Amino acid sequence: SRSLLRDATFNSMIDANSRRQAALDAVEAVRNGSLARDVETEWVDFKEESGTVGRGGLRGAISSRDDKAAMALAGEAACMANSESGGVLVVGVNDKERGPEAFVGTHLDTDWLRERIHALTQPNLSVDVIEAIHVSGQRLYLINVAPALEEVRCGGKLRARYGDDCIELTGDRAREFLERRRNFDWTAQPSGLLLSAAMPDAFAYAHRLYEEQRGRSAGTDLALAKRLGITLDASDDPELNRAGALLLCEFEPQVDQIDVMITTAEGAPSSAREREPAPLLLAFERAWALLERSFPAQSVIVGAQRRSVRAVPETALREALVNALMHRDYRQPRGLIVALATGAPPEALKVRSPGGFPVGVQQDRLLATPSRPRNPALANAVRALGLAETEGVGIDTMYRVMLRDGHPEPDILEDGGDVVCRLTGGRVDPFVRDFFDDLSASDRSLGDDVRVYIAITYLLGDTPLRPGRLAEIAQSSEDEAFELLERLSRQDVVERLVNRSRSFRLTDGATDRLRSRITYPVRQTIDEHWELVRAYLDVHPQIGRDDAAELLRLTPERASNILSQLYNQFGRIAPVANARGRGVRYQLP
């Protein structure tokens, strides 16, 4: 169901019927057992009426004209209206549940609610007639929201929906949002410079990059400029947009754009340095040449093959620098991209780029968020030259190549209005690299899936791994995570703790190959027992003394004590109602 929703061709021209069908498909997916929050998308959001959930999670009725509940839904409707395609609020669904239990019902008068949404939003937002539906004996309703022609606020706040979250926008984020709504791109604006102002060396490098990427020449300078989308008129010497001026000309020559330093540690004097103004192509060429020299390729034996590797994978180094070039806020002329390579010899790179994450990009959802370039015209030109991933999956690639070599995942964060990307490398682990290479050779789709590397790296430090935890760290749905673990089990990489359970660990074969990297923390015996009991309860609704004795390979008396401890000391299981004595049975609380 989730793939069905994802594959639908939604865009800014989506109509009300398409939004409604997406909502009904999502409701059906939940009714059939999908976790509600996993089915939410940019266009479908499950909500409960405010005030219906009290202390301890107990639900109760509210007035049919509860203004607090109306205010909350008006805010969510305004948020939907500020998205590119609008969407549907499905009210009466607990997004933490699946199946019939997810449908908790509603109480508001929908005609009155529609009037209140109109009154509580600025400018007044008109939504379609609110449609009531009945699912599993509960009344739900659909608030179908079209994308607004202007920004809609509720309670004075400007909020917008990105992915499956609503975020409040202030300051620069609000400015960027408003510019995006108006399709404003600073790098697509006129630069005042003509094509003839481009530096010959910059054009020569652009031709070389284009030919390497496409396998054919672009022809003349004018033909290449048109292919890059950087010209603004059809003359023989057209004006360049700012993307073209930045890439090819001495645009703002007094402003440095890139500063690359090689040093033993942060704060120590640099042993080599490149500080470059525009054109960006020449600045990048010189900066990249310095990084290549500073992270030299070395030959190592991986399995039965000799491979050329670097302390930080070349692909990750390149992506970190190119991403900074594409996403930098060039309206901050006093800021520049700073790339700092540290170590003796260097084993880490930190790249700082002026400007925070673009609107809609969240630090903890980088893998799950579609690429949203701050500078679309510049990004398109850079991708056409082959400097960046054409499909906007550069962050996935950095994660994959870092984890493949046994390094920590990239650390990408927002700091003081800048985006900082840290890559911590070092000696390549040949056992980890060989393991992933063999897995990729046996199933290319697994070798290309960054979630595989995240899952296996997690299992090197902790076990077992359940789909919910993998969904959290790999930024996917729980259903997608479970499907991935099942695929890895078919490749004999992981196995279930208990047949048909949802708890997975590395197989003996995988453990033998990766033993030198396994760093499980010392665990108490009770934790190991709990892992098996939890896996057993994936398959069976209850567990008793005799079941536990067989599962844990203990005497019935000892098994009974373990179950009692899991209940009394840790609260991880609860006795079935009215069960007492030796025959007590337990279930998940």
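The values are calculated or read from the model by the stated rules, or taken from the named source; none is laboratory data. All values reported here derive from a predicted model rather than from experimental measurement. Neighbour counts run over all protein chains shown; Cβ positions are idealised from the backbone, glycine included. Protein only, heavy atoms only, side chains kept; ligands, DNA and RNA dropped before computing areas. Shrake-Rupley method; radii C 1.70, N 1.55, O 1.52, S 1.80 Å.
Kindly evaluate GLY171 against the criterion of being of a type in the set (Gly, Ala, Ser) and modelled with pLDDT under 95. Give the derivation first.
Values: of a type in the set (Gly, Ala, Ser): yes; modelled with pLDDT under 95: yes.
Answer is yes for this residue.
Could you please let me know if ALA320 is open to solvent by 20 Å² or more (accessible area, probe 1.4 Å) and of a type in the set (A, V, I, L, M)?
On the way: open to solvent by 20 Å² or more (accessible area, probe 1.4 Å): no; of a type in the set (A, V, I, L, M): yes.
No: the conditions fail for ALA320.
Within the stretch 267-284, track down each residue that is open to solvent by 60 Å² or more (accessible area, probe 1.4 Å) and either touching a Cys at 6+ places or on another chain (Cβ under 9 Å) or not small (Gly, Ala, Ser) (or both). Can you show your working first?
Residues of the stretch 267-284 that are open to solvent by 60 Å² or more (accessible area, probe 1.4 Å), as a first pass: 267, 269, 271, 273, 275.
Within the stretch 267-284, PRO269, ARG273, ARG275 qualify.
Would you point out the residue of the stretch 341-373, among those that are aliphatic (A, V, I, L, M) and outside any strand (DSSP E or B), that is most open to solvent (accessible area, probe 1.4 Å)? Working first, answer last.
Step one: filter the stretch 341-373 for residues aliphatic (A, V, I, L, M), giving 341, 344, 348-349, 351, 359, 361, 366-368.
Adding the requirement that they be outside any strand (DSSP E or B) leaves 344, 359, 361, 366-368.
Values: ALA344: 92, VAL359: 6, VAL361: 21, LEU366: 15, LEU367: 26, ALA368: 43 Å².
Here the answer is ALA344.
Take residues that are open to solvent by 60 Å² or more (accessible area, probe 1.4 Å) and in contact (Cβ under 8 Å) with a residue 24 or more places away in the chain and tell me which of the helices (runs of 4 or more DSSP H) falling wholly in the stretch 419-524 contain 3 or more.
Values: elements: 430-442, 444-447, 450-461, 467-474, 478-490, 508-514.
So the answer is 430-442.
Quick check on ALA218: is it within 18 Å of VAL382 (Cα to Cα), surrounded by 13 or more Cβ atoms within 10 Å (Cβ to Cβ) and touching a Leu at 6+ places or on another chain (Cβ under 9 Å)?
Judged against the criteria, ALA218 is a match.
Looking at this structure, is VAL401 under 27 Å from LEU336 (Cβ atoms), in contact (Cβ under 8 Å) with a residue 60 or more places away in the chain and surrounded by fewer than 20 Cβ atoms within 10 Å (Cβ to Cβ)?
On the way: under 27 Å from LEU336 (Cβ atoms): yes; in contact (Cβ under 8 Å) with a residue 60 or more places away in the chain: yes; surrounded by fewer than 20 Cβ atoms within 10 Å (Cβ to Cβ): no.
Considered against the rule, which asks whether it is under 27 Å from LEU336 (Cβ atoms), in contact (Cβ under 8 Å) with a residue 60 or more places away in the chain and surrounded by fewer than 20 Cβ atoms within 10 Å (Cβ to Cβ), VAL401 comes out as no.
With the condition being within 27 Å of GLY335 (Cα to Cα), I'd like the helices (runs of 4 or more DSSP H) fully within the stretch 194-312 carrying at least 2 qualifying residues. Step through it out loud before you land on a result.
Working: elements: 200-214, 221-228, 242-248, 280-294.
So the answer is 200-214, 242-248, 280-294.
Tell me, yes or no, whether the stretch 323-339 has at least one residue that is open to solvent by 20 Å² or more (accessible area, probe 1.4 Å), farther than 30 Å from LEU439 by Cα and not in a loop (DSSP other than H, G, I, E, B).
Among the residues of the stretch 323-339, at least one is open to solvent by 20 Å² or more (accessible area, probe 1.4 Å), farther than 30 Å from LEU439 by Cα and not in a loop (DSSP other than H, G, I, E, B), which makes the answer yes.
Residues of the stretch 198-222 being touching a Ser or Thr at 6+ places or on another chain (Cβ under 6 Å) and farther than 14 Å from GLY386 by Cα, which ones? Quick ask: steps written out before the conclusion?
Kept after step one, since they are touching a Ser or Thr at 6+ places or on another chain (Cβ under 6 Å), are these residues of the stretch 198-222: 211.
None - no residue of the stretch 198-222 is touching a Ser or Thr at 6+ places or on another chain (Cβ under 6 Å) and farther than 14 Å from GLY386 by Cα, so the list stays empty.
One line per residue, one yes/no per condition, for (1) touching a Ser or Thr at 6+ places or on another chain (Cβ under 6 Å); (2) modelled with pLDDT under 95:
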| position | (1), (2) |
| --- | --- |
| LEU291 | no, no |
| ARG310 | no, no |
| LEU349 | no, no |
| GLN362 | no, yes |
| SER371 | no, yes |
| ALA377 | yes, no |
| GLY392 | yes, yes |
| TYR399 | no, no |
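Within the stretch 33-42, is even one residue buried (at least 17 other Cβ atoms within 10 Å of the Cβ) and closer than 25 Å to GLN122 by Cβ?
To start, the set of residues in the stretch 33-42 that are buried (at least 17 other Cβ atoms within 10 Å of the Cβ) comprises 34-42.
Then drop every residue that is not closer than 25 Å to GLN122 by Cβ, which leaves 42.
Scanning the stretch 33-42 turns up at least one residue that is buried (at least 17 other Cβ atoms within 10 Å of the Cβ) and closer than 25 Å to GLN122 by Cβ.
In the stretch 53-68, how many are open to solvent by less than 60 Å² (accessible area, probe 1.4 Å) and within 32 Å of the chain's Cα centre (by Cα)? Don't jump to the end; show me each part of the working.
The first filter runs over the stretch 53-68 and keeps only residues open to solvent by less than 60 Å² (accessible area, probe 1.4 Å), leaving 54, 57, 60, 62, 64, 66.
Now restrict to residues that are within 32 Å of the chain's Cα centre (by Cα): 57.
Within the stretch 53-68, residues that are open to solvent by less than 60 Å² (accessible area, probe 1.4 Å) and within 32 Å of the chain's Cα centre (by Cα) number 1.
Across the stretch 285-306, what is the number of residues that are among the small types (Gly, Ala, Ser) and surrounded by 14 or more Cβ atoms within 10 Å (Cβ to Cβ)? Please lay out each step first, then the result.
We begin by selecting, within the stretch 285-306, every residue among the small types (Gly, Ala, Ser); these are 287, 289, 294, 297, 299, 303-304.
Within this subset, residues satisfying the condition of being surrounded by 14 or more Cβ atoms within 10 Å (Cβ to Cβ) are 287, 294.
Of the residues in that region, 2 qualify.
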